[in-house]
Structures are given as C-alpha cells and as structure tokens.
Amino acid sequence: MLTQMIITSMTALFVLPELPYKADALEPVISRETIEYHHGKHLQAYVNTLNVLVKDTPYEQMNLEEIVRKAPEGPLFNNAGQVLNHTLYFEQFREAKSGEENVPQGRLAAAIDQAFGSFAEFKTKMEAASAGLFGSGWVWLAQDDAGHLSVVQCPNAGNPVTKGWVPLLGFDVWEHAYYVDYRNRRADHVAALWQIVDWDVVGHRMK
Ligand code: MN
C-alpha cells in the first residue's frame, strides 16, 4: 500500500528525453557545459513544471503536442511548448563530421530548393530570422498543410504546431542556448549549427 502510494505520487507523466549522443559530442559547436545545463537543468525544469501544471487537469490525458495546441497563453503553454521545442531541438543534432558537406538530401532538399531557391538562400533566411528575433524565442523551418516550407519566428516558447504546421528544424535563440560558448554572439552560434544538423532526422519529420 505504501509502496503503491509512493509509486503513484512519484509517477511523472513527462520525463526528460534522453540525448541521442554524449554530452560532449557536439563540441566545439555546442560545449559539454552548455548541453549539461541546457538539457540537464533547463529542460528538466520545464519537464518538472509541466508535470505539476497538468496534474489533475484534463491536460493530463493529452500528449505534448495536443497540450501545446490547446493550452491558453500562460505557464502551461510556456512549459509544454518548451518541452516540445527542446525535445525536437536535441534530437535534430549529431556530431560534426570533418570533410563532409552536411546538406539535406532527397525530398527535403527538393522542398527547400522549391521554397527558398537554394539551400544557401534558406540558410541565409534562417540566420537572418535568428539574428532578428528580439529577445528570447525560436526560429523554425516548418511545413504547412500544402507541404510548402517556410521559416517562422516564434517568440518565447512558440512552435508552428499552433498553426497546424509541422516543425522540421528549430533553432533555440534563448541566451541559455549559446551564452556560455558564444557570449552575446548569437549570429556566430547559429552559423555554427549547420555543422551538426542531422538532416536525416529533419527529413523524417516531413509529412
Ligand atoms: Mn533552450
């Protein structure tokens, strides 16, 4: 009985997603220290807060994406959004491989060319959107209902799922994502991220 009560009271609905690589795997683009804080502290805090906020509410029955789509503006949306955003974020990277041009392939590459003209133009647009987002937030490559790709700026915990779009690639431009490694140089951090994007993961998110 006591054991059951402890298990029940300690059951977390949402758990910290495991990193698909070691904490130092993304160096020198993202340091071990940044990963340890960003994943182990910031994301863990969002997960913990989300679990408190959904407890004994109808949101307890929903998956993360449903919560983000249905929650009103405020703490629930912010924490659910940040759990979804960071889950997508940490999954989409892999270690930099020297001597390899890291570019999208296949259907994703074709969709990028169609929407932006070229991969280079897409990168320019994503970098400009990241530099131009005032304050904290995210810049997403997203796919709309018609299958068309766009770069979307979202303040704070925003995610294009609230528009019914599919988030494909997300750049976190909150200072906690880069300040340890790049200080105030957000643009340098974003430009370096291209080395570690796992385009297979991004491509598999397309509908
Ligand atoms: Mn973050």
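The values are calculated or read from the model by the stated rules, or taken from the named source; none is laboratory data. Bear in mind that the values here come from a model prediction, so they are computed numbers and not experimental data. In this analysis, Cβ positions are derived from the backbone assuming ideal geometry, glycine residues included, and neighbour counts consider all displayed protein chains. To get the accessible areas, we keep the full protein, side chains included, count just its heavy atoms, and leave off ligands, DNA and RNA. Shrake-Rupley method; radii C 1.70, N 1.55, O 1.52, S 1.80 Å.
Per residue of the chain, the DSSP helices (runs of n ≥ 4 H) give a summed -39500 (n - 2.57) that works out to -13000 deg cm²/dmol at 222 nm.
When you restrict to C-alpha pairs under 8 Å that are six or more residues apart and normalise by the size of the chain, the relative contact order lands at 23 percent. Remark: the stretch 32-91 carries 50 Å² of accessible area per residue (probe radius 1.4 Å; ligands, DNA and RNA excluded).
Just check the stretch 162-207 against the gyration tensor rule for me: Cα atoms, a ≥ b ≥ c as the square roots of the eigenvalues, rounded for a/c under 1.5, and otherwise prolate or oblate depending on whether a/b exceeds b/c. The shape class here is oblate. For the stretch 93-207, what class follows from the C-alpha gyration tensor (a ≥ b ≥ c being the square roots of its eigenvalues): rounded when a/c is under 1.5, otherwise prolate if a/b is larger than b/c, else oblate? Cα axes put the stretch 93-207 in the oblate bin. Measuring only protein heavy atoms, the 1.4 Å probe finds HIS204 accessible over about 150 Å². Using a simple spin-label model with pseudo-atoms 7 Å out from Cα toward Cβ, HIS42 and ARG183 lie 1.9 nm apart.
Among the listed pairs LYS70/LYS207; LYS70/LYS123; LYS97/LYS125; LYS22/LYS55, those with a Cα-Cα distance over 29 Å are LYS70/LYS123; LYS22/LYS55. Share of carbon and sulfur in the accessible area of the stretch 32-91 stands at 51%, probe radius 1.4 Å.
Helices that extend 20 Å or more along their long axis by alpha-carbon positions and average at least -0.5 on the Kyte-Doolittle scale are, among the DSSP H runs of the chain, 75-91.
Extension gain for GLN114-GLU33 works out to 25.3 nm (0.36 nm per residue, less the C-alpha to C-alpha distance). With 0.36 nm allotted per residue and the present C-alpha distance subtracted, the GLN105-THR162 stretch has 17.8 nm of extension available.
Extension gain, LYS207 to TRP194, is 2.4 nm, computed as 0.36 nm per intervening residue step minus the present C-alpha separation. Since only VAL151, VAL166, SER136 are under comparison, the one whose Cα sits farthest along the positive direction of the charge dipole of the stretch 75-181, derived from C-beta charges on Lys, Arg, Asp and Glu, is VAL166.
Can you pull the one-decimal nm distance between simple spin-label points at ASP145 and GLU66, each 7 Å off the Cα toward Cβ? Here the answer is 2.1 nm between the modelled labels. Using protein chains only and a probe of 1.4 angstrom, how many square angstrom of LYS125 are accessible, to the nearest 10? Using a 1.4 Å probe on the heavy atoms, I get roughly 110 Å². Basic side chains Lys and Arg get +1 at the Cβ, acidic Asp and Glu get -1 at the Cβ, and with that the dipole of the chain about its Cα centre reaches some 260 debye.
Using C-alpha pairs under 8 Å with a sequence gap of at least 6, the mean separation divided by the residue count of the stretch 101-151 gives a relative contact order of 30 percent.
Once the C-beta distance of SER98 and THR57 is scaled by a Förster radius of 45 Å, the resulting FRET efficiency is 0.40 to the nearest 0.05.
With a ≥ b ≥ c taken as the square roots of the eigenvalues of the C-alpha gyration tensor of the chain, please select rounded if a/c is under 1.5 and otherwise prolate if a/b is larger than b/c or oblate if it is not? Prolate, since a/c reaches 1.5 and a/b exceeds b/c.
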